[in-house]
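Undergrad: Quick one: the structure is below, and I'll ask about it shortly.
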Amino acid sequence: MSKKRIIVFGGDAAGVAAALQQAEAGMQVTLVESSPSLGGELLPQTKIVDGDSPFLQPDLEALRKHPNIEVITNAVVVKSMSANGKYTFQIKRNTPRVDMEKCTDCKECIRVCPIHMYDDFNEGVGFRTAIDYFNPETAKWGEYNIFKEDMPICQATCPANLNIRSYAALIADGKYAESLAVIRQRLPFALSIGRVCPHPCESACNRGYVDEPIAICALKRFVADYEMHNQIDPPVEVPDHFHPEKVAIIGAGPAGLSCAFFLAKAGYHSVVFEAMPEPGGMFRYGIPEYRLPTKTLMHEINWILSHGVELRCDTRIGKDTSFEDLQRDYAAVFIGVGAWTGMKLGIGGEEMEGVVDGVRFLREANMGKKVDMKGRVIIIGGGNVAMDAARVSWREGFDEVHVVYRRTRKEMPASPWEIDAAEHEGIKFQFLVAPVEVIGDKGRMTGLKCLKMELGEPDASGRRRPVPIEGSEFVIEAENLIAAIGQRPDVKFIPEDGGFDITRWNTFAVDQETFQTNVPGVFSAGDVETGPDIAIRACANGRKAALGIARHIETKRRQAA
Amino acid sequence: MIAEAFVNGADGIMVVGCHFGDCHYITGNVQGKIKVGLAERVLTYVGLNPKRVAFDQCSSAEGERFVKLVTTFNEGIRELGPLGTGDRLELPELKERLPIARTALAKEKLRWVVGKFTVFATEGNKYGEVFTEHEMWRTLDTIVMDEVATHEILRELGQEALAVTDLANRLKLPPPHVLRYVLALQRRELVDMVGVDGSSPRYKATDRAVQAA
Amino acid sequence: MYEKKGRYIVGFQDIPSERQHQIEIEVDERRGNYSEVELGFDEERALKEAKRCLSCRRCLGCALCWAECKPEAIIFEMEDELFDIEADGIIISSGVERSYVGVDSRLGLGQCHNVITDLQLARMLSPAGPSKGLIIRPYDGEIPSSIAFVQSYESAAPAMHAAALCLGINESILVRSKLKESTIEVFASNLEDFSKQHQAALKGLEKIEINDATISKVESVENENVNLTIAKNGSESSKIFELVVLITQPQLSKEVTQLSKNLGLSLNYANFLPEAESSVLLATDKETIQLVSKA
């Protein structure tokens, strides 16, 4: 028992060699490999071996026979913990669905298997069948396994893991209500997400390899629109009896309302506290009206509220009600206040009149606040907030809208179709330009001093950094400037002695399964946990938090009994 | 059965079942619809015009409807003309390929899968996934394409050793497709590389494959 | 719009078919108001679009294998196993993963049948691989008589560049040992440091020509052969090869990246490449965690 225990992650030739070396040195070794077989990556990368066989030769025979080595293939790490110099890993071994003790390698199964599929292991050279064997050299005669996807690639890519394959197929069958029901199992915001989602699922769609990806997002929107346009009452399905415990939710945005929705499904009433006059969070105050009309959003929110959710607007926690009151009065508290503080540019003259941050600009536009929008406006940034700000500015009546970005179009984080649309509307882009100083007259901005940039050598991560070109300074004349270079959460409403674990990005640190913060009974999700991210992730995590909250309350109830 | 009829020279086949939920054999008509659909796909793949195969529903009390269905179908076939006209392939070639459809349809693979689909649509598969119609046909389409190509390749390689390019020429399939099937068959020990002729590896069906055929 | 590596999808009859587009209001209807720009699908478009879905699925769950398995070794009910393991020390190996993100789209990957990656070639070279160790052209299964290895990324950090080149050249040596009569050429740029470092090995390299050149274009020509446009010493030329192998950048797998993050390390692939010939294990910031050297 005194033997030191070593885990080797990675069963490539180098990993196998390391495992053997450690075992020889007297350690107890566990070798964990994610693929079903050992011994990949057989060619040296640090020297040139000119002979008939430059292959590295992992000694798999010795590995198998060594008494101090345990090999676990087809396994991934789920969780890792460390304390006092010791590590504990939770490992998941994917089932092969074949009992290798009984298998006789007759290959009858792969002869009858009707599925020819892309062979991931062999990088698409040849096919594999759904049941197949791997690398006959590693085991007695290779390890047989049935390859069943956990989820199709679209579903696995979706932060909410929506069952896209099913809901698209149900639309193809003309079963729209059933399709919408499949979406709503994991997402209450089909109307809204169907309009605003940057749909990472479509970028992953396999059909993109042969022609164009399926328009998944628009399909989701279609079934939701179909219900709304045909005045079909969306079903409200909640348990017959609600539990006595109530949950407080701070923030009526995508995360908070998703959490409230799934709490209701689990039989819990919640009260949602919202600082703004209307619910919706960034859906309402961040996303411009031309992408998501308030009327549509409210249709969806009213339906969510009808599940037994109470909404209190114009109620700011820390001002109108204290955080401690919520902790005292409710069985659990969920924090989903988003990230509403625009980042400063950090250049001179930023405090001048005419300079505003992106989220504030969008919020005021969404609230219908009229400012004097004439002449030229400069937007700084390359993300979707910058695109929204640019397109809103154009609608508000600015004569010229310029987007200034320090890298090139290729590096812009905004969705390509948003950039296209902005360009289509006549917005001008200036790439490889960085702001230096806001210049003005009597406290009112008149222009922006900029510097031209060029892309330098790639760094270790492979990204090419922009570097300034010396002496390339120039001025863009403009009366207004919108800085859309990112936003952060504001967590000042929680008491300083609350003992919360706050990251250096001003976000809550939570358990990634339950979304509970380090303070028991307080949960958090959405932008205030992830930092600025896409809406569907906030919805997805809000749902996970709801499940975490329900489990927390049940545990407490059991303990009390 | 349907393929058999075409092999024997029929110009069109219509299958009429009872209405859903109205079947003496409970799910016989559901099965029938899938089976006819499958035969239609296999036959289309070997070159037949899908209009030559039809499935419809009619109860024993709807005599008039029955007559109308049959007449319409008959007119359609008359318009197409005899086998080999209005089809993707013309006669000698079509005739040659129809038996492949018959073999593919008679083999355990398609029969098993098609038999399972009524279960898939209601209870779901081994993983509890319930299939929609769209999913079912997508899946069947892939399997049909693979099965027909596999049988075609095995038939040719059962007769002589061929390179992938020769095989592709004969079967009028893209060479990369044929290559993948040949490699997959090799993995299943149904095809073997028997030598290299210049720069062309040649493949032949193994004894096991010949016996199974 | 999306960079991808080629992936095989069966030839459904509706491929290719056009993706449906949402109805949009005109640009001149948008100024000065907030009318919704995209109006979604009508029913017809939605049906068309939904029918394009390939319903991707691996195992179908039909259980035919189960029915045919005489020793009854197939057990669909077998579940994933979850368990804990404890350790006093951790050793991480980089694993095999290549990056296609930096692959220049002009290099024909996914467009030309006979352009493959170094990883795909490695699989072909394996006796247990899909072609049983035979080097063949993915287009027609023919054995190529001329093969070019082409650097697929614009530039990389020196250690990463050297690792990619070593792997590529080692592969070319293996190819040479299998195909004795074939022409083999390597095209790569920024070779100065690399040549110095591996001077001895490169000097003795027979029948493999290494060119300090960049490839500006790759296209399929007759018989799916591949034409390379070669820029060398300021002049341009072209040459036809029967098979082209792209030398790619190695990268850490998602699992290793996630693991290192969980362990409080920030690793990239270069961490696994030792600066000089050294021992099997490399140290990290943490005493109990070591990396397996690539040397």
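What follows is calculated from the coordinates using simple rules that are stated; it is not laboratory data. Keep in mind the model is a prediction, meaning the values are calculated, not measured. Neighbour counts are summed over all protein chains in view; Cβ atoms, including those assigned to glycine, are modelled from backbone coordinates with ideal geometry.
Undergrad: Using Cα centres only, tell me the gap between the range A:390-468 and the range B:89-155 in whole Å.
TA: 55 Å
Undergrad: Quick one: angle between helix A:13-24 and the longest Cα principal axis of chain A, in degrees between 0 and 90, rounded to 10, please.
TA: Its long axis makes an angle of about 60 degrees.
Undergrad: Under 4.7 Å Cβ to Cβ, no partner at all: give me those cysteines from chain C, in residue order.
TA: So, C:CYS53, C:CYS56, C:CYS59, C:CYS62, C:CYS69, C:CYS112, C:CYS166.
Undergrad: Continuing with the same structure: Based on the alpha-carbon gyration tensor of chain A and its eigenvalue square roots a ≥ b ≥ c, which shape applies: rounded if a/c is under 1.5, prolate if not and a/b is larger than b/c, or oblate?
TA: Values: a/c = 1.75, a/b = 1.39, b/c = 1.26.
Taking the square roots of the gyration eigenvalues as a ≥ b ≥ c, chain A is prolate.
Undergrad: Related question: Is the shape of the range C:98-250 best called rounded, prolate or oblate, per the rule: a/c under 1.5 gives rounded, else a/b larger than b/c gives prolate, else oblate, with a ≥ b ≥ c the square roots of the Cα gyration tensor eigenvalues? Kindly include the intermediate steps, with their values, before the conclusion.
TA: Numbers: a/c = 1.40, a/b = 1.17, b/c = 1.20.
Cα axes put the range C:98-250 in the rounded bin.
Undergrad: For the range A:380-389, in order, what is each residue's ³J(HN,Hα) by Karplus, 6.51 cos²θ - 1.76 cosθ + 1.60 with θ = phi - 60°, in whole Hz (x at glycine and Pro)?
TA: 9, x, x, x, 5, 5, 4, 5, 4, 4
Undergrad: Sort A:TRP340, A:TRP417, A:TRP303 by Cβ crowding within 10 Å, fewest neighbours at the top. Mind showing how you got there, number by number?
TA: Working: A:TRP340 24, A:TRP417 14, A:TRP303 19.
Least crowded to most crowded, the residues run A:TRP417, A:TRP303, A:TRP340.
Undergrad: Something else: Magnitude of the Cβ-charge dipole of the range A:153-229, K/R +1 and D/E -1, about the Cα centre, nearest 20 debye?
TA: On the way: 8 positive and 7 negative charges, 44 e Å.
In debye, rounded to 20, the range A:153-229 gives about 220.
Undergrad: If you don't mind, there's one more thing I want to ask. Round to the nearest 0.05 the FRET efficiency obtained for C:GLU219 and C:SER105 when R0 = 22 Å and r is the Cβ-Cβ distance. Mind dumping the intermediate values first?
TA: Values: r = 12 Å, r/R0 = 0.56.
It comes out at approximately 0.95.
Undergrad: Right, next: Work out the charge dipole of the range B:1-107 with +1 on the Cβ of Lys and Arg and -1 on the Cβ of Asp and Glu about the Cα centre, then indicate which of B:ALA54, B:MET1, B:GLY81 is farthest towards its positive end.
TA: Towards the positive end, the residue furthest out is B:MET1.
Undergrad: Simple spin-label model, 7 Å along Cα-to-Cβ: C:SER17 to C:LEU265 in nm?
TA: Distance between the two pseudo-spin positions: 5.0 nm.
Undergrad: Given the C-alpha centroids of the range A:183-241 and the range C:134-170, what is the distance between them in whole angstrom?
TA: Taking the Cα centre of the range C:134-170 as reference, the centre of the range A:183-241 is 43 Å away.
Undergrad: Taking 7 Å along the Cα-to-C-beta vector as the label spot, tell me the A:ASP99-C:ASP80 distance in nanometres, rounded to one decimal.
TA: It is 2.3 nm.
Undergrad: Just rank A:ASP533, A:ASP132, B:ASP141, A:ASP150, fewest to most, by other beta-carbon atoms within 10 angstrom. If you can, show how the numbers build up before the last one.
TA: On the way: A:ASP533 14, A:ASP132 25, B:ASP141 20, A:ASP150 10.
By the 10 Å Cβ count, ascending, the order reads A:ASP150, A:ASP533, B:ASP141, A:ASP132.
Undergrad: Could you give the nm distance between label points at C:ALA283 and A:ASP150, where each point is 7 Å from its Cα heading toward the beta carbon?
TA: 3.7 nm
Undergrad: If you keep only loop residues by DSSP, which trypsin sites (Lys or Arg not before Pro) in the range A:421-454 have at most 10 other Cβ atoms within 10 Å of their Cβ? Show your work: numbers first, answer last.
TA: Numbers: sites: A:LYS428, A:LYS442, A:ARG444, A:LYS449, A:LYS452; in loops: A:LYS442.
When the trypsin sites (Lys or Arg not before Pro) of the range A:421-454 are filtered for loop state and at most 10 Cβ neighbours within 10 Å, A:LYS442 remain.
Undergrad: Another question, then. Relative contact order (percent) for the range C:98-250, with alpha-carbon contacts under 8 angstrom and 6 or more residues of separation? All intermediate terms of the calculation are to be shown ahead of the outcome.
TA: Numbers: 273 pairs, mean separation 52.4, N = 153.
This gives 34 percent for the range C:98-250.
Undergrad: Could you put A:ARG184, A:ARG558, C:ARG19 in order, starting from the residue whose Cβ has the fewest other Cβ atoms within 10 Å? Don't skip to the end; give the middle numbers.
TA: Details: A:ARG184 21, A:ARG558 8, C:ARG19 17.
Ordered by Cβ neighbours within 10 Å, fewest first: A:ARG558, C:ARG19, A:ARG184.
Undergrad: With unit charges on the beta carbons (Lys and Arg positive, Asp and Glu negative) and the dipole taken about the Cα centre of the range A:400-480, which residue among A:ALA421, A:VAL404, A:PRO468 sits farthest to the positive side?
TA: The listed residue farthest towards the positive side: A:PRO468.
Undergrad: Taking each residue of A:421-429 in turn, how many C-beta atoms of other protein chains fall within 10 Å of its C-beta, and what is the average? Kindly include the intermediate steps, with their values, before the conclusion.
TA: On the way: counts 5, 0, 0, 3, 5, 2, 0, 0, 0.
That average works out to 2.
Undergrad: Continuing with this model, one more query. Based on the alpha carbon coordinates of the protein assembly as shown, what radius of gyration and maximum Cα-Cα distance (Dmax) apply, in Å?
TA: Cα only, the protein assembly as shown: 31.9, 96 Å (Rg, Dmax).
Undergrad: Between B:VAL7 and B:PHE66, what FRET efficiency comes out of the Förster formula 1/(1 + (r/R0)^6) with R0 = 30 Å and r the beta carbon distance, rounded to 0.05? Please list the in-between numbers first.
TA: Details: r = 27 Å, r/R0 = 0.90.
With a Förster radius of 30 Å, E is 0.65.
Undergrad: Another question, if that's okay. Mind jotting down the distance between the C-alpha centroids of the range C:32-75 and the range A:286-316, whole Å?
TA: Taking the Cα centre of the range C:32-75 as reference, the centre of the range A:286-316 is 31 Å away.
Undergrad: Ignore the peptide's own chain and count Cβ atoms of other chains within 10 Å of each Cβ in A:161-170; give me the average, rounded. Intermediate values should be presented prior to the final figure.
TA: On the way: counts 0, 0, 1, 2, 10, 7, 3, 11, 12, 5.
That works out to 5 on average.
Undergrad: If you average the sequence gap of Cα pairs under 8 Å that are 6 or more apart and divide by the length of chain A, what percent do you get for the contact order? Numbers along the way, then the final one.
TA: Details: 1089 pairs, mean separation 61.8, N = 561.
Dividing the mean separation by the residue count of chain A yields 11 percent.
Undergrad: Something else about it: So which of A:LYS246/A:LYS344; A:LYS410/C:LYS217; C:LYS180/C:LYS203; B:LYS116/B:LYS172; B:LYS33/B:LYS95 end up more than 30 Å apart by C-alpha? Show your work: numbers first, answer last.
TA: Numbers: A:LYS246/A:LYS344 39 Å; A:LYS410/C:LYS217 20 Å; C:LYS180/C:LYS203 19 Å; B:LYS116/B:LYS172 32 Å; B:LYS33/B:LYS95 25 Å.
The answer is A:LYS246/A:LYS344; B:LYS116/B:LYS172.
Undergrad: Report the full-extension gain for the segment A:GLU423 to A:ILE476: residue separation times 0.36 nm, less the Cα-Cα distance, to one decimal in nm. Write out the running numbers ahead of the final one.
TA: Values: separation 53, 0.36 × 53 = 19.08 nm, distance 1.92 nm.
Between A:GLU423 and A:ILE476, full extension yields 17.2 nm more.
Undergrad: Assuming a ≥ b ≥ c are the square roots of the Cα gyration tensor eigenvalues, decide whether the range A:347-487 counts as rounded (a/c under 1.5), prolate (otherwise, with a/b larger than b/c) or oblate. If you can, show how the numbers build up before the last one.
TA: Values: a/c = 1.95, a/b = 1.28, b/c = 1.53.
In terms of gyration-tensor shape, oblate.
Undergrad: Evaluate the relative contact order of the range A:1-127 (contact order divided by residue number), counting alpha-carbon pairs under 8 angstrom at least 6 apart; express in whole percent. Intermediate values should be presented prior to the final figure.
TA: On the way: 169 pairs, mean separation 25.1, N = 127.
Normalised by residue count, the contact order of the range A:1-127 is 20 percent.
Undergrad: Let me ask something else. What does the charge count near A:ARG93 come to, summing +1 for each Lys or Arg and -1 for each Asp or Glu among other residues with Cβ under 11 Å from its Cβ? Intermediate results must be reported in sequence, preceding the final value.
TA: Values: positive: A:LYS92; negative: A:GLU33, C:GLU79, C:ASP80, C:GLU81.
Spelling it out: positives minus negatives among the neighbours equals -3.
Undergrad: Taking +1 at the Cβ of each Lys and Arg and -1 at the Cβ of each Asp and Glu, which of A:ALA13, A:ILE69, A:GLN57 sits farthest along the dipole of the range A:5-93 towards its positive end, judged by Cα position relative to the Cα centre?
TA: A:ILE69
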